[in-house]
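Inspection log for the structure reproduced underneath, given as structure tokens.
The values are calculated or read from the model by the stated rules, or taken from the named source; none is laboratory data. Computed from a predicted structure; not experimentally measured. Cβ: placed from backbone, ideal geometry, glycine included. Neighbour counts: every protein chain shown. Heads up: the accessible areas ignore ligands, DNA and RNA and are worked out on the full protein's heavy atoms, side chains in. Shrake-Rupley method; radii C 1.70, N 1.55, O 1.52, S 1.80 Å.
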Amino acid sequence: MAYVSGFMAAVPNDKKQDYLDMANIAAAIFKDHGATQVVEAWGDDVPDGKLTSMPLAVQAKDNETVVFSWVWWPDKATQTAGMEKVMKDSRMNYDPATMPFDGKRMIYGGFEVILDV
């Protein structure tokens, strides 16, 4: 069964195009290393919460939008090998000072797909 790497980050609204430019490069890198699909979704209806919420999870500021992204892999083994290659790929060497979002507030995880209809 497929495996998914999920990511969530807060991106400044005025950096949307910069983020998309970076995401296009990253998507090509993921696909070069075994991913079958990469999706980037710009928050449109992401409510604030008092106890939990997506904005709270990434400490989103008033001028930021939550981005929810996922990468599909054929299986966990491909994801493990692929992510190792992605992290070593010279095209992924971003300077944190020039990234279009605060990487310290990004959250991510790996998920075994249990339903795909």
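With the helix formula -39500 (n - 2.57) applied to DSSP H stretches of n ≥ 4, the chain reaches a computed 222 nm mean residue ellipticity of -9000 deg cm²/dmol.
Residues in segment 101-108 carry Karplus couplings, in order, of 7, 8, x, 5, 9, 6, 10, 7 Hz; the curve used is 6.51 cos²θ - 1.76 cosθ + 1.60 with θ = phi - 60°, and Gly or Pro positions show x. Normalised by the number of residues in the chain, the average gap of Cα pairs under 8 Å and 6 or more apart makes the relative contact order 49 percent. Restricting the calculation to Cα atoms, the chain shows an Rg/Rh of 0.97 when the hydrodynamic-style radius is the Kirkwood one. Placing a label point 7 Å from the Cα of Lys88 along the Cα-to-Cβ line, the residues of segment 18-46 whose backbone N sits under 17 Å from it are 29-35. What's the carbon and sulfur percent of segment 66-117's accessible surface, probe 1.4 angstrom, rounded to a whole number? On segment 66-117, the fraction of accessible area on carbon and sulfur atoms equals 61 percent. Cross-link reach is defined here as a Cα-Cα straight distance under 17 Å, omitting same-chain residues fewer than 8 places apart; for Lys50 the aspartates and glutamates meeting it are Asp62. For Gln37, the amide hydrogen comes within under 5 Å of the amide hydrogens of Trp72, counting only partners 5 or more places away or on other chains and with H modelled in the peptide plane.
Each residue of segment 9-24 was assigned a 3J(HN,Hα) from its phi angle through the Karplus expression (A = 6.51, B = -1.76, C = 1.60, θ = phi - 60°), giving 8, 9, 10, x, 4, 7, 10, 4, 5, 4, 5, 5, 4, 5, 5, 5 Hz with x at Gly and Pro. Potential lengthening of the chain between Asp18 and Met1 amounts to 2.7 nm, from the contour at 0.36 nm per residue minus the alpha-carbon distance. With all protein chains kept in place, the per residue accessible area of the chain amounts to 66 square angstrom at a probe of 1.4 angstrom.
Computed from backbone phi with θ = phi - 60° and the Karplus coefficients 6.51, -1.76 and 1.60, the 3J(HN,Hα) list for segment 70-85 is 8, 10, 8, 10, x, 6, 4, 4, 5, 5, 4, 5, x, 5, 4, 5 Hz; x is used for glycine and proline.
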